[in-house]
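Chemist: Sharing a structure below in structure tokens format, with a few things to ask.
The values are calculated or read from the model by the stated rules, or taken from the named source; none is laboratory data. Keep in mind the model is a prediction, meaning the values are calculated, not measured. In this analysis, Cβ positions are derived from the backbone assuming ideal geometry, glycine residues included, and neighbour counts consider all displayed protein chains. Please note that ligands, DNA and RNA were not included when accessible areas were found on the heavy atoms of the full protein model with its side chains. Shrake-Rupley method; radii C 1.70, N 1.55, O 1.52, S 1.80 Å.
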Amino acid sequence: MNPRQVELALKKQRLQFAAERQREAFVAGLERVEPLLDVVDRARDRAQGLREHVPLLSALAVALALFRPRLALRVARRAWLGWVLYRKLGRGVEPLLGFLRRFAG
């Protein structure tokens, strides 16, 4: 066999071994993240379940505003900030950083 062919065959084999190690490391990393993804999926499912109870949630919000106005204002302010952050994250990190700099300064 040609020495160049042997060299290429050995290089191919080393690359295959390296690719296999990378695949194993990737799968191991996904196994660590999987519980977090399960939590996110459950939260999304529960949030979609809230959409079925909009009248009840609206009544609770009105009752909260009537009986505990300061608490209602605090919750509304935090919800608004969360919504703004969510919208900024949807466009990337740079708009969020600009917003936070403006908000903090």
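Chemist: Quick check: is even one residue across the range 86-97 open to solvent by 80 Å² or more (accessible area, probe 1.4 Å), in contact with a helix residue (DSSP H, G or I) (Cβ under 8 Å, 6 or more places away or on another chain) and modelled with pLDDT under 90? Steps first, please.
Modeler: If we filter the range 86-97 for residues that are open to solvent by 80 Å² or more (accessible area, probe 1.4 Å), which is where we start, we get 86-87, 89, 91, 93-94.
Next, from what is left, pick out any that are in contact with a helix residue (DSSP H, G or I) (Cβ under 8 Å, 6 or more places away or on another chain): 89.
Applying the additional criterion that residues be modelled with pLDDT under 90 yields 89.
The answer is yes, given that some residue of the range 86-97 is open to solvent by 80 Å² or more (accessible area, probe 1.4 Å), in contact with a helix residue (DSSP H, G or I) (Cβ under 8 Å, 6 or more places away or on another chain) and modelled with pLDDT under 90.
Chemist: Here's another thing I want to ask about it. Considering (1) surrounded by 10 or more Cβ atoms within 10 Å (Cβ to Cβ); (2) more than 19 Å from the chain's Cα centre (by Cα); (3) modelled with pLDDT under 90, say which one Gly105 fails and leave the rest.
Modeler: All conditions are met except number (1).
Chemist: Pairs only if they're at least six apart or on different chains, beta carbon under 8 angstrom, first in the range 24-35 and at pLDDT below 85 and open to solvent by less than 100 Å² (accessible area, probe 1.4 Å), second outside any helix (DSSP H, G or I) and among the β-branched types (Val, Ile, Thr); list them, first residue then second.
Modeler: none
Chemist: Now for a different question. Considering every residue within the range 48-59, establish whether at least one is of a type in the set (A, V, I, L, M), in a helix (DSSP H, G or I), at pLDDT 90 or above and exposed (fewer than 10 other Cβ atoms within 10 Å of the Cβ).
Modeler: Taking every residue of the range 48-59 in turn, none turns out to be of a type in the set (A, V, I, L, M), in a helix (DSSP H, G or I), at pLDDT 90 or above and exposed (fewer than 10 other Cβ atoms within 10 Å of the Cβ).
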